[in-house]
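K.L.:
Would you mind keeping the following structure in view while I ask a few things?
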Amino acid sequence: MKTFTRLSYLLFLSISLCFVSCSGDDDNGSAGGGSGEYVKAKVDGKNFSSSTSYDLVAASRPTSNAMAIQGSNNEGHAIQITLFAFDGEGTYNVGDQLIGQALYTKASTTSLISYSSAAGGGANGEVTITYIDDEKVEGTFSFKGRKAEEGATEMVEVTNGKFRAKFQ
């Protein structure tokens with residue numbers, strides 16, 4: 001589990017770097033929200049919405065059967081969905097780390113706290129891909145994430161999630 005968590009963090013950081021390096025002016029000056037890209041959800045009942053000030057939403061397909069989607073806000077919080085057994089439109093169990101996982105991450109200058117749908121101990125979730133083509137992916141999600149730390153029991157509940165992201 002520790003190796004999987006470390007690999008997830010590495011993937012999260014790699015995708016984050018992609019957002020920074022790929023967030024140029026590809027959409028003729030419109031912000032992330034202006035291009036129609038978003039990641040939205042309720043986290044423990046509070047609204048989460050990806051930033052519209054910066055282009056902080058993206059999707060990646062590193063292989064034909066893997067996909068990652070991430071949206072970040074201006075407070076350093078992010079939702080990341082990673083599918084390791086991607087096979088087109090449909091519903092995926094992101095409580096099974098062999099299929100995928102969903103993460104809610106809170107970053108500050110001193111810490112990075114993640115809650116994973118694949119961390120066991122009651123964590124679980126579903127992601128439904130409702131549309132995909134060569135340019136973008138859309139879908140919905142919900143999950144209960146357990147703090148990704150040895151022995152942790154703290155949970156977050158992410159509900160009413162939806163996303164639209166362009167492939168980078």
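The values are calculated or read from the model by the stated rules, or taken from the named source; none is laboratory data. The model shown is predicted, which means the values in this text are computed figures rather than measured ones. When we count neighbours, we look across all protein chains shown, and the Cβ atoms used for this are built from the backbone with ideal geometry, even at glycine. Just the protein is used for accessible areas: all its heavy atoms, side chains included, with ligands, DNA and RNA removed. Shrake-Rupley method; radii C 1.70, N 1.55, O 1.52, S 1.80 Å.
K.L.:
Which residues, counting only those in the stretch 107-136, are among the aliphatic types (A, V, I, L, M) and either farther than 11 Å from Phe163 by Cβ or surrounded by fewer than 23 Cβ atoms within 10 Å (Cβ to Cβ) (or both)?
P.N.:
Once the filter is applied, which keeps residues that are among the aliphatic types (A, V, I, L, M) and either farther than 11 Å from Phe163 by Cβ or surrounded by fewer than 23 Cβ atoms within 10 Å (Cβ to Cβ) (or both), the stretch 107-136 yields Ala107, Leu112, Ile113, Ala118, Ala119, Ala123, Ile129, Ile132.
K.L.:
Which pairs turn up if I take residues in the stretch 138-149 that are farther than 12 Å from Gln80 by Cα and part of a loop (DSSP other than H, G, I, E, B) and look for partners that are open to solvent by 50 Å² or more (accessible area, probe 1.4 Å) and aromatic (Phe, Trp, Tyr) with beta carbon separation below 9 Å, at least 6 apart in sequence or on another chain?
P.N.:
Qualifying pairs under 9 Å: Ala148/Tyr9.
K.L.:
Return the residues of the stretch 86-96 that are in a loop (DSSP other than H, G, I, E, B) and open to solvent by less than 70 Å² (accessible area, probe 1.4 Å); say none if nothing qualifies.
P.N.:
Here is the first cut: in the stretch 86-96, the residues in a loop (DSSP other than H, G, I, E, B) are 86-89, 94-96.
Hits for the stretch 86-96 are Phe86, Gly88, Val94, Gly95, Asp96.
K.L.:
Hey, another quick one. Go through the stretch 61-83 and give me each residue that's closer than 20 Å to Gln97 by Cα and at pLDDT 95 or above. Write out each step before concluding.
P.N.:
As a first pass, look at the stretch 61-83 and keep what is closer than 20 Å to Gln97 by Cα: 61-70, 78-83.
Listed by number, the residues that qualify are Ala66, Met67, Ala68, Ile69, Gln70, Ala78, Ile79, Gln80, Ile81, Thr82, Leu83.
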